[in-house]
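Before any comments, here is the structure.
Just so it is clear, none of the values below were taken in a lab; they were calculated from the coordinates. What you see is a predicted model; the values in this text were computed from it and never measured. Cβ atoms come from the backbone with ideal geometry, glycine included; neighbour counts cover every protein chain shown.
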Amino acid sequence: MTSLSAVERLDIYRWMYRTRRFDEVMVSMFKQGRGLGTCFSARGHEAVSIGAGWGLQPEDFAAPMHRNVGMFMLRGLPPDQLYSNYLGRANGTTRGRDANLHGNGDLSRNLIGFISHIPQSLPVALGTAMSFRYRRQPQAALTVCGDGGSTAGVFHETLNMAVLYEAPLVVVLENNQYAYSTPVAEHTAVSELHFKARAYDMPSQVVDGNDVLEVFEAVSAALTRARAGKGPSLVEARTMRMLGHAIHDGAEYVPDELLAHWEARDPVVRFRWWLQEHDGVGTDVLQELERTETELIDQAFAAAEASPFPDPDTVEAGVYAD
Amino acid sequence: MPTDSHAGNSRRITYLEALAEALDQEMARDPDVLVLGEDIGGEFGGAFKATKGLWQKYGEHRVINTPMAELGFTGMATGMALAGLRPVIEMQFADFISTAFDAIVQYAASTHYIWQGAVPWTIRAPADGGTSSGPFHSQNPEAWFAHVPGLKVICPGTPADVKGLLTSAIRDNNPVIFFESKTLYRSLRGPVPPGEHLVPIGKARQARPGADLTIITYGAMLQSALAAAEELAGEGIEAAVLDLRTVKPLDTDQILEFVKATGKALIVHAANRMMGCGAEVAALIAEECFEYLDAPVRRLGGLDTPVPFSPSLEQAYRPDADRIAAAARDLAVW
């Protein structure tokens with residue numbers, strides 16, 4: 001069933017709930033006009049971010065994307081620092097240089113930042129995997145791309161090279177049904193997205209992206225395989241983008257029935273129920289956990305809002321490394 | 001004090017031999033240096049043989065043959081560089097670099113500014129024309145990259161500089177685009193120190209002294225400018241030649257110093273003149289030392305067309321020593 005202990009499973013729920021709360025507060029604040037620029041909701045993607053991120057070791061490299069706030073937090077970026085980045089503050093991860101989760105790289109955490117050209121993270125993550133191969137270190141690199149990203153040429157270039165070089169890379173293909181307003185069936189003729197990996201003889205599988213334990217088991221096995229020198233693989237995690245592309249987008253183009261279908265499979269609610277049914281976790285324990293996390297997130301946003309903007313005199317700092 | 005490598009007693013080797021020597025010496029010195037690119041693995045040694053022998057010496061581990069996927073392998077090099085390696089990427093032709101544009105100008109160039117991730121790779125890009133190689137094997141695309149914050153752009157014009165600057169580029173902690181003149185690969189020979197040789201990035205060099213005007217140039221046009229200056233000297237016109245060597249960062253101090261001393265400036269590059277790097281140099285002079293000018297700033301560059309194939313057309317396209325001399329004469333009598 002699962003290789004995780006009951007304590008770890010409850011901890012996974014804590015991180016999923018934290019991810020959900022982070023997102024809810026963010027969306028609420030942006031709607032109140034207390035945000036800056038735009039933001040991309042991760043609602044519905046909690047099981048992918050936490051399930052995939054849970055199998056990572058600190059020495060592995062991770063290159064998440066704009067709906068993987070849970071994975072960024074798992075890698076050690078504190079929520080207040082992340083919110084500060086959303087608000088353009090000096091203590092944000094990018095020191096006011098980029099917005100929301102963009103550019104949240106931190107080499108002390110083996111965390112690779114992404115740019116708005118999402119599929120560009122794929123070859124970069126491959127390069128970090130190649131550094132392990134170069135140094136003969138038994139580690140792996142993980143990156144996430146969307147269904148939209150899987151149509152880009154660089155996706156195919158990366159998969160081809162990853163297999164060619166037997167790189168320890170795991171690609172999580174987060175299929176959330178839409179690339180902005182375009183549904184999967186309108187942007188690719190391939191019926192199953194993970195089939196794309198097979199064109200390059202890369203092992204691939206599909207998992208229920210709203211089942212955190214299923215995501216964890218598949219990605220964790222792929223990471224173990226990569227670390228053992230057995231090459232790259234791809235895991236397609238099927239989920240649903242529950243809100244629009246970004247905060248401005250009401251996503252009127254998404255059919256109500258589709259949202260209802262996925263709402264009934266909400267990854268956070270579903271895992272909460274699972275813990276009660278299978279691990280016998282009491283409602284009081286869950287409520288206390290949720291209260292603690294809600295408090296933590298509220299404090300994080302308040303701390304970010306109270307943080308200063310960067311000094312304009314620093315605008316030219318850091319274009320070049322010494 | 002470093003000796004002037006251009007005037008020393010060093011042995012004379014070709015531009016291509018000098019760059020191959022830099023690659024070999026840096027790979028021997030630092031195990032984190034590796035090379036990757038199309039057709040560079042195995043016995044073949046690359047389209048221009050710049051990497052010949054490296055595969056035999058350092059193995060496929062450090063000499064990585066890539067598929068025809070410039071965007072993918074440049075992004076891959078960025079990941080390797082973020083992880084602390086020092087990849088040297090060979091673009092088979094500088095013209096193909098546009099295929100990797102996102103990986104260079106969007107990702108690698110912005111990473112340090114945004115999240116302090118250093119990207120210490122070097123792209124070696126065989127550029128330049130004059131050899132009837134047609135529109136897609138003759139370009140000098142340095143201006144595309146000189147416009148991008150976060151990149152360094154180097155265009156060496158001598159064997160000594162190609163070795164010294166490539167060594168500096170490999171050791172630099174930023175993404176560096178290194179435009180080699182493939183026209184000079186085998187045609188230009190010069191003194192090159194055999195041992196470790198470093199030339200600082202961003203420093204121009206006086207290639208010839210002169211009091212009447214300054215020819216500001218870089219890359220393959222350096223040789224044409226020197227030939228023109230030699231011809232002019234026979235006519236009593238003393239043209240200084242300032243070799244920029246690096247176009248980003250630009251050595252603004254020396255440009256201004258030379259223009260102030262001579263009062264006249266002729267800027268020459270092989271790339272097309274329109275919006276080329278020479279425009280920035282001309283603007284700098286106009287803004288910073290207008291009162292020292294005795295004549296308008298002049299620019300020579302390629303025409304605003306794709307680089308044509310046929311010799312008669314390419315000669316019409318590209319500046320040469322005769323045209324440089326003619327423009328200098330006009331300035332001298334202004």
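Worth a mention:
- Cβ-Cβ FRET estimate between B:TRP334 and B:PHE309, R0 fixed at 41 Å, reported to 0.05: 0.65
- Percent RCO, i.e. relative contact order, over segment B:12-191, from Cα pairs under 8 Å lying at least 6 residues apart: 27 percent
- Chain A: most fluctuating residue of A:VAL154, A:VAL285, A:VAL215 per GNM, C-alpha cutoff 10 Å: A:VAL285
- Of all DSSP bridge pairs formed entirely within chain A, close to 10 percent run antiparallel.
- Pairwise FRET efficiency - A:ARG109 versus A:SER28, Cβ, R0 = 41 Å, nearest 0.05: 0.90
- When peptides A:128-137, A:305-314 are sorted by average Cβ neighbour count within 10 Å, with the highest value leading, the order is A:128-137, A:305-314.
- Magnitude of the charge dipole, the protein assembly as shown, Cβ model with Lys/Arg +1 and Asp/Glu -1, debye to 20: 1200 debye
- Across chain A, the relative contact order, built from alpha-carbon pairs under 8 Å that are at least six residues apart, equals 23 percent.
- For the segment B:66-73, counting C-beta atoms of other chains within 10 Å of every residue's C-beta and taking the mean gives 6.
- Radius 10 Å from Cβ of B:LEU293, net charge of other residues (Lys, Arg +1; Asp, Glu -1): 0
- DSSP bridge orientation in the protein assembly as shown - percent antiparallel, rounded to nearest 5: 15 percent
- Counted as membrane-span-like here are DSSP H helices of chain A whose alpha-carbon atoms extend 20 Å or more along the helix's own axis and whose Kyte-Doolittle mean is 0.0 or above; these are A:121-135, A:212-227.
- About the centre of its Cα atoms, segment B:175-243 shows a dipole size close to 360 debye [charges on the beta carbon of Lys, Arg (+1) and Asp, Glu (-1) only; nearest 20 debye].
- Among B:PRO141, B:PRO159, B:PRO200, residue whose mean-square fluctuation peaks in a GNM of chain B (springs only between Cα atoms under 10 Å): B:PRO200
- Estimated from helices alone, the mean residue ellipticity of chain A at 222 nm is -13500 deg cm²/dmol (sum of -39500 (n - 2.57) over DSSP H runs with n ≥ 4, per residue).
- Per-residue average of Cβ from other chains inside 10 Å of A:116-125: 6
- For the residues of A:105-115, the average number of beta carbons from a partner chain within 10 Å of their own beta carbon is 4.
- Cα centroid separation - segment A:143-176 against segment B:253-296, whole Å: 47 Å
- Taken about its Cα centre, segment B:12-191 carries a charge dipole of roughly 400 debye when the Cβ of each Lys and Arg holds +1 and the Cβ of each Asp and Glu holds -1.
- When both bridge partners sit in chain B, DSSP labels roughly 20% of those beta bridges antiparallel.
- Most mobile of B:GLY46, B:GLY164, B:GLY278 in a GNM of chain B (Cα contacts under 10 Å): B:GLY46
- Peptide packing: for A:67-76, A:179-188, B:36-45, the average count of neighbouring Cβ atoms within 10 Å per residue gives the ranking A:67-76, B:36-45, A:179-188, highest mean first.
- Using the Cβ-Cβ distance between B:MET274 and A:SER3 with R0 = 60 Å, the FRET efficiency computed as 1/(1 + (r/R0)^6) comes to roughly 0.40.
- Signed unit charges on C-beta, dipole axis of segment A:6-309, positive-most listed residue A:PRO267, A:GLY127, A:LEU101: A:GLY127
- Cβ-based exposure ranking for B:TYR15, A:TYR13, in which fewest neighbours within 10 Å come first: A:TYR13, B:TYR15
- Percent RCO, i.e. relative contact order, over chain B, from Cα pairs under 8 Å lying at least 6 residues apart: 17 percent
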